[in-house]
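Please treat every number below as a calculation from the coordinates, not as lab data. The structure displayed is predicted, hence computed values, not measured ones. Cβ sites come from the backbone with ideal geometry, for glycine too, and all protein chains shown count toward neighbours.
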Amino acid sequence: MKPEKLKSKYIGCMLGAAIGDALGKQNEGQTREDILKRGYVRDYGKAQAGCPGEKLRASQYTDDTEQMLVLAQSLIRCEGFNGLDFATAIAKWGEDAMSDPARKSLVGPSSSKAIARLNAGISWKESGSDIPSCGSAMRAAPIGLFYDDLLEVEENAALSSIPTHRSNAARAGAVAVAVGVRCATNGMGCSDLVKETIARASKYDMELGRRIGLSCRLRTEEPGKAFARLGTSYLVYETVSSAFYCFLRHFESPENAVIEAVNAGGDTDSIACITGTLSGALHGIRCFPEKWIQGLENKENIEELAYMIFKT
Ligand SMILES: [Mg+2]
């Protein structure tokens, strides 16, 4: 692969996460029925009143991207995954976010409990919550960019979950996203990518692997039916499988994949963040509409971090 194409995939992966997150926050926590009544969201805007991100600006992303950037910075700083460094950084990030009136409601219950435990001096190996939510899956993409070898991707993604989410399902979710990103970056075809992701995620949690398999089989079904089967809540089984459904249904159209995810209902910012990261890793940054790229807040810093990982 030419270096320019590969660089575009690294940037596409990280900006894709932020774009999906910023678009998806508008519908976070809304039912699909309510979203359909208002019409599909296709561009940046303020979140609905009552959404966790209601105080954010239109082009601002949420905690999903913020945590992904903390992980990317730690990987660069330590030249690889370092549990203590990452846990220290995530604890500091959490303290800042929870003291900011505009961002405090973004931090989910698993992360906030784990952050409090880390800040109380509990080891990062013991601090994680047992709730199988998607908080470690939604931030895992940089692990898939940093490591080339799939076993290293898998093992470091599983480790990166532990400071906040130590359940097998949550670890499997982080593995699925990071392995999916590496396979997409390598330009793997749809069925090989799915097989590899299922095989590696299933080592940690068989049920998550089964659900990704279901999302693949459902990709020819209408979204309403698929989301009802897969679920769209904050639980890792639901967010990760619904994101894989959007990515696989629109394998050749990242724009449509992200729009599908943004309007899925439920945990739309995380579903769209994961969909955007997989689609961007497969197709590169130019696959997204220019208005989404140019309109995104903090675009230059995210691009710079992706470039730094690309260079290492
Ligand atoms: Mg969020």
Would you check if there is a residue in segment 209-227 being closer than 25 Å to Ile162 by Cβ and surrounded by fewer than 22 Cβ atoms within 10 Å (Cβ to Cβ)?
yes
For the list (1) buried (at least 24 other Cβ atoms within 10 Å of the Cβ); (2) assigned to a helix (DSSP H, G or I); (3) within 18 Å of the chain's Cα centre (by Cα), I need the number of the one condition that Glu155 fails.
(1)
Residue under question is Gly280, and the condition is that it be of a type outside the set (A, V, I, L, M), surrounded by 24 or more Cβ atoms within 10 Å (Cβ to Cβ) and not in a helix (DSSP H, G or I); does it hold?
no
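Do you know which residues across segment 254-312 are charged (D, E, K, R) and either in contact with a helix residue (DSSP H, G or I) (Cβ under 6 Å, 6 or more places away or on another chain) or more than 15 Å from the ligand (Cβ to nearest atom) (or both)?
Glu255, Glu260, Asp267, Asp269, Arg286, Glu290, Lys291, Lys299, Glu300, Glu303, Glu304, Lys311
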Any residue in segment 78-101 that is within 14 Å of the ligand (Cβ to nearest atom), surrounded by 17 or more Cβ atoms within 10 Å (Cβ to Cβ) and aromatic (Phe, Trp, Tyr)?
yes
What residue, of Ile131, Ile115, is touching an Asp or Glu at 6+ places or on another chain (Cβ under 8 Å) and not acidic (Asp, Glu)?
Ile115
Residue that is nearest to Gly295 (Cα to Cα), among those in segment 59-76 that are of a type outside the set (S, T, N, Q) and away from the ligand (no atom under 11 Å from the Cβ):
Leu69
